[in-house]
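Before any comments, here is the structure.
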Amino acid sequence: MSIAPIAQALILVFVANGAPILASRVLGLWGNAPLDLHARFSDGARLLGSSKTFRGVIASLIATTLVAPAIGVDWRVGALAASAAMTGDIFSSFIKRRLQLPAQGMAPGIDQAPESLLPLIVCKSALGLSFVDVLVAAFIFWVGALLLSRALFTLKIRERPY
């Protein structure tokens with residue numbers, strides 16, 4: 001287990017998942033169009049919900065791509081990490097809607113696993129991560145995301161403490 005690649009991976013995953021939250025605060029309603037364009041699935045529920053926006057995906061891609069070189073990682077790995085994190089986040093939203101959980105509702109595991117594991121797995125080779133490193137980083141992300149979410153709520157950056 002190597003600390004530096006895990007740290008790089010965690011920075012990329014946190015930036016990829018945090019940028020949409022910060023963008024919503026900074027940009028307000030700009031780019032707020034939902035990715036699902038209000039489409040509904042066969043169960044009658046929204047595909048993803050209103051919290052998955054074009055603004056969030058774009059913010060994640062830009063921020064993570066820019067941060068990557070600053071931490072010694074190729075910008076393309078940053079873009080890949082953001083793409084994978086957003087894919088995982090979108091997947092978890094789709095699953096949560098099928099389970100009839102509210103948009104932005106808390107679903108520990110469902111929320112953190114796809115948005116952390118997917119980028120960690122697809123960037124594994126580029127970052128020099130082992131399988132154990134991926135699991136350790138995913139666990140750290142899960143715990144860190146829950147703690148950071150509460151802190152961001154306290155600072156009024158997040159609307160909910162999870």
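Read-outs: derived from the displayed coordinates by stated rules, not from any lab. These figures come from a predicted structure and were not determined experimentally. Because the Cβ atoms are built from the backbone with ideal geometry, glycine has one as well, and the counts that use them run over all protein chains shown.
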For this session: Name the residue, out of GLY128, GLY49, GLY72, whose mean-square fluctuation peaks in a Gaussian network model built on the chain with Cα pairs under 10 Å.
Result: GLY72
For this session: Kindly express, to the nearest 10 degrees and within the range 0 to 90, the angle between helix 75-98's C-alpha long axis and the longest C-alpha principal axis of the chain.
Result: 40
Problem set entry | Cross-link partners of LYS124 among aspartates and glutamates (Cα-Cα below 14 Å; sequence separation of 8 or more within a chain) | ASP74, ASP133
Exercise. Hey, what number do you get for the chain at 222 nm if only DSSP H runs of n ≥ 4 count, each worth -39500 (n - 2.57), divided across all residues, to the nearest 500?
Worked result: -22000 deg cm²/dmol
Exercise. In a GNM of the chain with a 10 Å cut-off on Cα contacts, which of SER93, SER116, SER50 has the highest mean-square fluctuation?
Worked result: SER50
For this session: Round to the nearest 10 and give me the degree value, 0 to 90, for the angle of helix 54-70's Cα axis relative to the longest principal axis of the chain.
Result: 10
Seminar exercise, completed: Out of PRO102, PRO20, PRO114, a Gaussian network model of the chain with alpha-carbon springs under 10 Å gives the largest mean-square fluctuation to PRO102
For this session: Report the local net charge at PHE41: Lys and Arg +1, Asp and Glu -1, summed over other residues whose C-beta lies under 13 Å from its C-beta.
Result: +3
For this session: Treating the angle as unsigned and between 0 and 90°, give the value, to the nearest 10°, between the Cα long axis of helix 3-27 and the longest Cα principal axis of the chain.
Result: 30
